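Here's the structure we're looking at; comments come further down.
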Amino acid sequence: MQYQQPATNNRCIKMLKLKEVIAKCQLSRSTIYAKLDVKSKRFDPEFPVPRKLGSQSVAWLEDEIDHWVLTRPGTRGALT
């Protein structure tokens, strides 16, 4: 489910839930959260941090996820 919020300059900000991030990044849930965990061997300081939507809900900015995917070695500009 995508959440859209009006932004400046007639642009929409799209928020992605975990399932959409999994599909776009081709990573598992546990790998995504490991990339966010400073104590993990798989920690990636460049991986986008989710935004809190409510007490038990988070979402990622689509632009940040797209940028992360495009800056990975070997992606050659391909998004899923």
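Within segment 1-21, restricting attention to residues that are at pLDDT 95 or above and either outside any strand (DSSP E or B) or among the aromatic types (F, W, Y) (or both), the residue that is most open to solvent (accessible area, probe 1.4 Å) is K19. Restricting segment 39-56 to residues that are more than 18 Å from S28 (Cα to Cα) and of a type in the set (G, A, S) leaves a set whose member that is farthest from the chain's Cα centre (by Cα) is S55.
Looking only at segment 22-66, count how many residues are among the β-branched types (V, I, T), open to solvent by less than 80 Å² (accessible area, probe 1.4 Å) and in contact (Cβ under 8 Å) with a residue 12 or more places away in the chain.
Taking segment 22-66 and keeping what is among the β-branched types (V, I, T), we get 22, 31-32, 38, 49, 58, 65.
Filter once more, so that each one left must be open to solvent by less than 80 Å² (accessible area, probe 1.4 Å): 22, 31-32, 58, 65.
Cutting the leftovers down to in contact (Cβ under 8 Å) with a residue 12 or more places away in the chain gives us 32, 58, 65.
Residues flagged as among the β-branched types (V, I, T), open to solvent by less than 80 Å² (accessible area, probe 1.4 Å) and in contact (Cβ under 8 Å) with a residue 12 or more places away in the chain within segment 22-66 amount to 3.
The values are calculated or read from the model by the stated rules, or taken from the named source; none is laboratory data. What you see is a predicted model; the values in this text were computed from it and never measured. So basically every Cβ, Gly included, is an ideal-geometry build from the backbone, and we count neighbours across all protein chains shown. What goes into the accessible areas is simple: the full protein's heavy atoms, side chains included, and nothing from ligands, DNA or RNA. Shrake-Rupley method; radii C 1.70, N 1.55, O 1.52, S 1.80 Å.
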